[in-house]
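Worksheet for the structure shown next.
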Amino acid sequence: MAWYRSYYKCARCGLDWPDEWSCMCDDDCPYCGARHMSPYESDDLTTVISRCDREFVVLWSPETAEDKADYRELGRFSTRAEAEKFIATG
């Protein structure tokens, strides 16, 4: 399942907020309640690299993810470059 962090700006009150979900969908403003705000930008967080002590861990959000990413570990690498190469070839 894809996982995204989307960024929104309310057309009514002008405030910004991020939200994470399994799609780049419209959201309601958490400040004033205005409905159906579309994201102006989104980051794909389906596969991410996380630093854990001296290793770089590749994490992936599985198809079963619904209301949270529920990341699964795919591999550990000694350098970020190795982790990025693993993602690029996967």
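Computed from the coordinates by the stated procedures, all read-outs in this text should not be read as laboratory data. Every value quoted in this text rests on a predicted model; they were computed, and no experiment measured them. Cβ placement follows ideal geometry from the backbone for every residue including glycine, while neighbour counts extend to all protein chains displayed.
Taking segment 46-83 as the range and being farther than 25 Å from residue 21 by Cβ, touching a residue at least 12 places away in the same chain (Cβ under 8 Å) and not hydrophobic (A, V, I, L, M, F, W, C) as the test, the residues that pass are 54, 55, 75, 76, 78, 79, 80, 82. Check segment 24-39 and report whether any residue there is of a type in the set (S, T, N, Q) and assigned to a loop (DSSP other than H, G, I, E, B). Yes, segment 24-39 contains a residue that is of a type in the set (S, T, N, Q) and assigned to a loop (DSSP other than H, G, I, E, B).
Residues in segment 12-29 that are surrounded by 13 or more Cβ atoms within 10 Å (Cβ to Cβ) and over 18 Å from the mean Cα position of the chain (by Cα): 15, 28, 29. Could you check, for segment 60-68, whether at least one of its residues is more than 14 Å from residue 3 (Cα to Cα) and not acidic (Asp, Glu)? No, every residue in segment 60-68 fails to be more than 14 Å from residue 3 (Cα to Cα) and not acidic (Asp, Glu). The set of residues in segment 40-90 being part of a loop (DSSP other than H, G, I, E, B) and among the β-branched types (Val, Ile, Thr) consists of 46, 64, 79.
Filtering segment 35-48 to residues that are out of contact with any Phe, Trp or Tyr (no Cβ under 7 Å at 6 or more places or on another chain) and either surrounded by 15 or more Cβ atoms within 10 Å (Cβ to Cβ) or closer than 19 Å to residue 62 by Cβ (or both) leaves only 48.
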